[in-house]
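Undergrad: Just passing along the structure, written as structure tokens.
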Amino acid sequence: MIEFQQVTKRYGSDHTALKQVNFHLDRGELAFLTGHSGAGKSTLLKLIMLMERPSAGNVVVGGQVLNNMPRRQVPYIRRHIGVVFQNHQLLFDRTVFDNVALPLEVMGVPARDVGRRVRAALDKVGLLSKEKMNPMQLSGGEQQRVGIARAVVNKPPLLLADEPTGNLDPKLSADIMHLFEQFSQVGVTVLIASHDISLIHDMGRRTLTLEQGRLTGGMNHGL
Amino acid sequence: MASDAGRPRQGRGGAQSRSEVRDVAGSYLAHHRKVARESALRLWHAPVASLMTWLVMGVALAMPVALLLLLGSLQGVSAGWESSARITTYLADDVSLEQAQRLRLEVGSRADVEGVELIDRDSALAEFRASSGLADALDYLDENPLPHTLLVTPPEVGRTAAAVEVLAAELEAMTGVARVQVDLGWLQRLNVLTQLLGRAVWVLALLLGGAVVLVIGNTIRLAIESRRDEILVAKLVGGTDAFVRRPFLYTGVWFGLGGGVVAWILLGLSLWWLSGPIERLATLYHSNFTLSGLPFDGALALLAMAMVLGWLGAWVAVKRHLDAIEPGVPAGS
């Protein structure tokens with residue numbers, strides 16, 4: 001599903017964020033991406049989302065090489081990638097329902113399907129009763145779950161999460177992780193950037209470790 | 001505006017893909033309707049700010065259109081006079097009425113003359129007395145100072161400036177003719193003036209049209225800044241450029257429409273206010289001049305033009321500012 005081949009990303013001439021990174025994630029695999037701040041986690045996620053382009057090497061997502069993807073094709077690639085952010089990036093000028101509906105609206109899904117699919121996603125994260133509320137009225141954990149519902153509402157084959165439990169207590173974090181596990185069980189490839197070592201340890205999943213831009217652990221399948 | 005309605009998918013049955021295409025097209029149109037309605041509502045919910053923009057646009061649009069209308073009316077006047085161009089032939093003071101009538105027949109028989117009208121000095125004085133308001137002063141005169149006059153109308157075909165000039169010269173050469181006056185001189189000046197005014201109006205229209213585009217552009221720029229989060233999220237979940245541009249382009253169009261309506265109202269009010277004095281002035285000059293208002297199709301053209309300008313302004317802002325907003329740094333680092 002995701003393949004990095006000798007990927008290097010330099011910013012300017014003096015800062016190298018990623019150095020010859022190689023790894024491969026299968027369909028339905030759930031993996032963690034860990035490392036200190038500045039180790040290159042966000043850069044790696046940005047490369048997958050086409051927010052950045054590699055300086056060298058190939059990034060392959062869903063069988064497509066992203067390196068030379070023309071700019072106007074980028075939105076169509078992003079529609080296949082659900083993203084969950086630490087600060088959840090919700091819009092506070094609209095309801096929970098409208099927030100979750102945004103990816104469907106962007107894709108031009110017919111209105112009669114939107115309601116059904118949004119409610120299915122909200123049901124999945126246990127927030128069906130709050131669809132008419134403003135995200136501002138929700139707790140941190142609920143807001144994060146709205147973000148997850150938005151990320152999965154169009155059933156993307158790939159789900160990325162950047163510090164999804166950064167602001168949550170351990171109980172809520174475990175709930176969120178459980179949700180991600182459920183998605184991977186139905187064939188979604190999930191990559192979670194996190195530095196919550198104990199949580200990662202409890203999950204017992206493949207862990208890609210970045211140290212100063214180099215991948216030092218989890219290159220191969222298994223632990 | 002966009003090609004993001006969805007890419008055709010391959011490997012589906014014909015009927016199924018046809019209905020899919022219809023679905024996608026339907027939801028594309030539905031989205032246009034939704035965005036159009038939402039952007040109109042946004043303007044409606046900020047009435048003061050919207051009204052300000054509409055007024056600025058309205059004034060900027062009304063000015064050149066008002067001048068164009070004035071120009072059209074002036075051209076109507078000069079065209080009217082051109083068709084009635086006549087040569088006023090003043091006869092000498094010592095020419096008697098009988099001689100004048102003979103001259104009338106002589107001139108009237110010329111091939112390059114369509115008609116001749118004789119105004120004898122008594123009726124000329126009576127008309128002058130009636131129209132000039134100098135009746136009292138005229139009473140002090142011992143005798144009628146006015147000569148007999150022949151009003152010579154050239155035929156339609158001979159109504160070029162050169163032909164009229166030749167005719168005037170030949171008339172002047174006739175015995176008993178004191179002076180010939182052709183009213184084309186000031187008519188030509190009026191024509192040159194209206195041509196000049198015409199160009200000035202177009203220059204003004206271009207400048208003000210540019211101003212409208214800039215005003216809308218700036219307003220849309222502010223709208224883009226205030227909706228930055230929304231734009232970022234839409235791009236992150238796979239919104240195309242066309243998708244994120246659309247609300248702002250519609251906003252520009254609505255600004256344009258509002259501005260056009262304001263311009264229309266301003267023109268109507270000004271015309272109503274000016275029509276009385278203009279009518280009186282025209283009566284004083286024996287002119288059929290009327291300041292014509294904006295016809296209905298002209299008003300529609302004004303609205304369409306205003307909407308195009310609004311759209312253009314929005315497009316400029318969107319190209320400059322919106323495309324620059326790209327999802328950059330997600331949380332964490």
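The values are calculated or read from the model by the stated rules, or taken from the named source; none is laboratory data. All values derive from a computational prediction rather than experimental measurement. With ideal geometry, Cβ positions are generated from the backbone for all residues, glycine too; neighbour counts draw on all protein chains shown. Protein only, heavy atoms only, side chains kept; ligands, DNA and RNA dropped before computing areas. Shrake-Rupley method; radii C 1.70, N 1.55, O 1.52, S 1.80 Å.
Undergrad: Need the failing condition index for A:His178 against (1) surrounded by 15 or more Cβ atoms within 10 Å (Cβ to Cβ); (2) within 30 Å of A:Met203 (Cα to Cα); (3) under 20 Å from the mean Cα position of the chain (by Cα), just the number.
TA: The failed condition is (1).
Undergrad: Here is a further query. When you look at A:Val153, is it within 14 Å of chain B (Cβ to nearest Cβ), in contact (Cβ under 8 Å) with a residue 40 or more places away in the chain, β-branched (Val, Ile, Thr) and open to solvent by less than 20 Å² (accessible area, probe 1.4 Å), yes or no? So that I can check it myself, show each step before the final result.
TA: Details: within 14 Å of chain B (Cβ to nearest Cβ): yes; in contact (Cβ under 8 Å) with a residue 40 or more places away in the chain: yes; β-branched (Val, Ile, Thr): yes; open to solvent by less than 20 Å² (accessible area, probe 1.4 Å): yes.
Yes, satisfied.
Yes/no matrix, rows are residues, columns are (1) more than 30 Å from A:Gly213 (Cβ to Cβ); (2) of a type in the set (Lys, Arg); (3) more than 8 Å from every other protein chain (Cβ to nearest Cβ); (4) in contact with a His (Cβ under 7 Å, 6 or more places away or on another chain):
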position: A:Val59; (1), (2), (3), (4): no, no, yes, no
position: A:Gly63; (1), (2), (3), (4): no, no, yes, no
position: A:Val96; (1), (2), (3), (4): yes, no, yes, no
position: A:Asn99; (1), (2), (3), (4): yes, no, yes, no
position: A:Gly108; (1), (2), (3), (4): yes, no, no, yes
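Undergrad: In addition: Across the stretch A:117-142, what is the number of residues that are away from chain B (no Cβ under 14 Å) and either among the charged types (D, E, K, R) or touching a Phe, Trp or Tyr at 6+ places or on another chain (Cβ under 7 Å) (or both)? It would help to see each step written out before you state the result.
TA: First, the residues of the stretch A:117-142 that are away from chain B (no Cβ under 14 Å): A:119-120, A:122-134, A:137-139, A:141-142.
Next, only the ones that are either among the charged types (D, E, K, R) or touching a Phe, Trp or Tyr at 6+ places or on another chain (Cβ under 7 Å) (or both) stay: A:119, A:123-124, A:130-132, A:134, A:142.
Counting residues in the stretch A:117-142 that are away from chain B (no Cβ under 14 Å) and either among the charged types (D, E, K, R) or touching a Phe, Trp or Tyr at 6+ places or on another chain (Cβ under 7 Å) (or both) gives 8.
Undergrad: Right, here's the next one. Find the helices (runs of 4 or more DSSP H) located wholly in the stretch B:27-145 whose residues include 3 or more that are open to solvent by 80 Å² or more (accessible area, probe 1.4 Å), and list them. Quick ask: steps written out before the conclusion?
TA: On the way: elements: B:47-83, B:97-108, B:121-132, B:135-139.
Fully inside the stretch B:27-145 and qualifying: B:47-83, B:97-108, B:121-132.
Undergrad: Please go through the stretch A:15-41 and pick out each residue that is over 15 Å from A:Val190 (Cα atoms) and either out of contact with any Phe, Trp or Tyr (no Cβ under 8 Å at 6 or more places or on another chain) or within 12 Å of chain B (Cβ to nearest Cβ) (or both).
TA: Of the residues in the stretch A:15-41, the ones over 15 Å from A:Val190 (Cα atoms) are A:15-22, A:35-40.
Those that are over 15 Å from A:Val190 (Cα atoms) and either out of contact with any Phe, Trp or Tyr (no Cβ under 8 Å at 6 or more places or on another chain) or within 12 Å of chain B (Cβ to nearest Cβ) (or both): A:His15, A:Thr16, A:Ala17, A:Leu18, A:Lys19, A:Gln20, A:Gly35, A:His36, A:Ser37, A:Gly38, A:Ala39, A:Gly40.
Undergrad: Could you list, in sequence order, the residues of the stretch A:56-105 that are among the basic types (Lys, Arg) and surrounded by fewer than 20 Cβ atoms within 10 Å (Cβ to Cβ)? Walk me through how you get there before you give the answer.
TA: Of the stretch A:56-105, the ones among the basic types (Lys, Arg) are A:71-72, A:78-79, A:94.
Across the stretch A:56-105, the qualifying residues are A:Arg71, A:Arg72, A:Arg79, A:Arg94.
Undergrad: Quick test of your reading of the structure: A:Thr216 fulfils all but one of (1) outside any helix (DSSP H, G or I); (2) over 17 Å from A:Met1 (Cβ atoms); (3) in contact with a helix residue (DSSP H, G or I) (Cβ under 8 Å, 6 or more places away or on another chain). Name the failing condition by number.
TA: Answer for A:Thr216: the failing condition is (3).
Undergrad: Now for a separate question. Among the helices (runs of 4 or more DSSP H) confined wholly to the stretch B:219-333, which include 2 or more residues that are open to solvent by 40 Å² or more (accessible area, probe 1.4 Å), in contact (Cβ under 8 Å) with a residue 24 or more places away in the chain and not hydrophobic (A, V, I, L, M, F, W, C)? Can you show your working first?
TA: Numbers: elements: B:228-236, B:241-284, B:296-317.
Qualifying helices (runs of 4 or more DSSP H): B:241-284.
Undergrad: Looking at the stretch A:194-205, I want the residues that are farther than 20 Å from A:Thr43 by Cβ and have a partner that is part of a loop (DSSP other than H, G, I, E, B) and of a type outside the set (A, V, I, L, M) with Cβ atoms under 9 Å, at least 6 apart or on another chain. Which pairs are those?
TA: Close Cβ pairs (under 9 Å, with a partner that is part of a loop (DSSP other than H, G, I, E, B) and of a type outside the set (A, V, I, L, M)) amount to A:Leu199/A:Thr165; A:Arg205/A:Glu29.
Undergrad: So B:Ala242 ticks every box in (1) within 14 Å of chain A (Cβ to nearest Cβ); (2) among the aliphatic types (A, V, I, L, M); (3) under 17 Å from the mean Cα position of the chain (by Cα) but one. Which box is left unticked?
TA: Among (1) within 14 Å of chain A (Cβ to nearest Cβ); (2) among the aliphatic types (A, V, I, L, M); (3) under 17 Å from the mean Cα position of the chain (by Cα), the lone unmet condition for B:Ala242 is (3).
Undergrad: On the given criteria, is A:Leu168 in a loop (DSSP other than H, G, I, E, B), surrounded by 15 or more Cβ atoms within 10 Å (Cβ to Cβ) and in contact with a Gly (Cβ under 9 Å, 6 or more places away or on another chain)?
TA: Yes: the conditions hold for A:Leu168.
Undergrad: Of the residues that make up the stretch B:20-36, is at least one closer than 30 Å to B:Pro147 by Cα, among the aromatic types (Phe, Trp, Tyr) and modelled with pLDDT under 85? Please lay out each step first, then the result.
TA: Just the residues of the stretch B:20-36 that are closer than 30 Å to B:Pro147 by Cα, to begin with: none.
No, because not a single residue in the stretch B:20-36 is closer than 30 Å to B:Pro147 by Cα, among the aromatic types (Phe, Trp, Tyr) and modelled with pLDDT under 85.
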